[in-house]
1. Got at least one residue in segment 88-101 being in a loop (DSSP other than H, G, I, E, B), at pLDDT 95 or above and more than 26 Å from R36 (Cβ to Cβ)?
2. In contact with a strand residue (DSSP E or B) (Cβ under 7 Å, 6 or more places away or on another chain) and at pLDDT 95 or above: is that true of I195 in this structure?
3. Exactly one of (1) part of a strand (DSSP E or B); (2) closer than 25 Å to S188 by Cβ; (3) not aliphatic (A, V, I, L, M) is unmet by W147. Its number?
4. Pairs, please: C-beta under 8 Å, at least 6 apart or cross-chain, first residue on the phi > 0 side of the Ramachandran plot and in segment 33-54, second at pLDDT 95 or above and not in a helix (DSSP H, G or I)?
5. Could you list, ordered by first residue, the pairs with Cβ atoms under 9 Å in which the first is in segment 5-22 and surrounded by 13 or more Cβ atoms within 10 Å (Cβ to Cβ) and the second is modelled with pLDDT under 90 and charged (D, E, K, R), at least 6 apart or interchain?
6. Determine whether D77 is of a type in the set (D, E, K, R), closer than 22 Å to T12 by Cβ and either over 19 Å from the mean Cα position of the chain (by Cα) or in a strand (DSSP E or B) (or both).
7. Which of the residues belonging to segment 201-218 are over 15 Å from the mean Cα position of the chain (by Cα), touching a residue at least 40 places away in the same chain (Cβ under 8 Å) and not in a loop (DSSP other than H, G, I, E, B)?
8. Quick check, is A49 among the hydrophobic types (A, V, I, L, M, F, W, C), in a helix (DSSP H, G or I), closer than 18 Å to D151 by Cβ and more than 17 Å from the chain's Cα centre (by Cα)?
Amino acid sequence: METVELLKQRATERARQVVGPAEIEAYRCDGAVCLRGIFLPDEVELCRAGIAANMAAPSERANVASRPDDPGYFIEDFCNWQTNRSYHDFIFNSAAAAAAGLLMDCDAVRLFHDHLLVKEPNTRAKTPWHQDQPYYNIEGKQNCSVWAPMDKVARAATLEFIAGTHAGPWLMPRSFMSSEAMWFPEGSLADLPDIEADRSAFNIIGWELEPGDAVFFHMLALHAAAGVSTGRRRVLSIRFMGDDITHAPRRWRTSPHFPGLEEELPAGSPMVHPLFPVLWEKQAAPDNGSAHHQC
């Protein structure tokens, strides 16, 4: 049986094969980068098994994000790695955390949470343009989300980004269904521009993806996704935290919600807690980075 340390070493080696200077620079400048083949075929099957188990028994945090009259079905669920063994092994043993650490240029990577996103065939529900971090209870710039599809995703149905928006500012988070300001008070943050009214005015990037590929992106990068037509789209997203992330308790219910955490971690504290285990730490190795150029 392989030891934990050997698994981590192999994961780091795989990450270094995929994450080079070009990928690091793309992440730094655009806030999003596609890593081809970051997950091995057996890891894809492991994640698919985890998704099947999750779909068969959604948690109390699960949310249906499509309307009743939608011919398809869009469901999301959060924070299941502790009860879903397949998720646990996929997250802990794959190269995802190591790749995130290289992209963030940090000393250690902690898990924030896992996020299931499944759109069944013929789902009309779109994922509107938004940033992720304003929905969360964390502050800091060293962060990374992984969008890992377990099915082929066409360019028309993929996750899209507006390059460079990870530099800020924070924009108003709204409910996907009703567009209500359910987090920050109305008017406290600027609203998003109407991107779909003139897509040519924005530097929109996105990739056709195969199982094993994944998009790594900053939590402030503006992103959106269309509905799906024929094929199913199963995605597990993994949220990672780097060195400068601190706890930012909110007066409202965050998404996802961590009830009682504010009693254990004061505002401004590092996210040192069993809910957020360290998955990767930098070791002495050749530097994959390069001199930074102006974005």
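1. No: segment 88-101 contains no residue that is in a loop (DSSP other than H, G, I, E, B), at pLDDT 95 or above and more than 26 Å from R36 (Cβ to Cβ).
2. Judged against the criteria, I195 is not a match.
3. Evaluating W147 over (1) part of a strand (DSSP E or B); (2) closer than 25 Å to S188 by Cβ; (3) not aliphatic (A, V, I, L, M) leaves (2) as the failure.
4. If the second residue must be at pLDDT 95 or above and not in a helix (DSSP H, G or I), the pairs left are G37/G212; G37/D213.
5. R10/E2
6. Against the criterion (of a type in the set (D, E, K, R), closer than 22 Å to T12 by Cβ and either over 19 Å from the mean Cα position of the chain (by Cα) or in a strand (DSSP E or B) (or both)), D77 does not qualify.
7. Correct list: I204, I205, L209, P211.
8. Spelling it out, A49 is indeed among the hydrophobic types (A, V, I, L, M, F, W, C), in a helix (DSSP H, G or I), closer than 18 Å to D151 by Cβ and more than 17 Å from the chain's Cα centre (by Cα).
The values are calculated or read from the model by the stated rules, or taken from the named source; none is laboratory data. What you see is a predicted model, and the numbers here were worked out from it, not measured in a lab. Note that each Cβ is placed from the backbone with ideal geometry, even for glycine, and that neighbours are counted across all protein chains shown.
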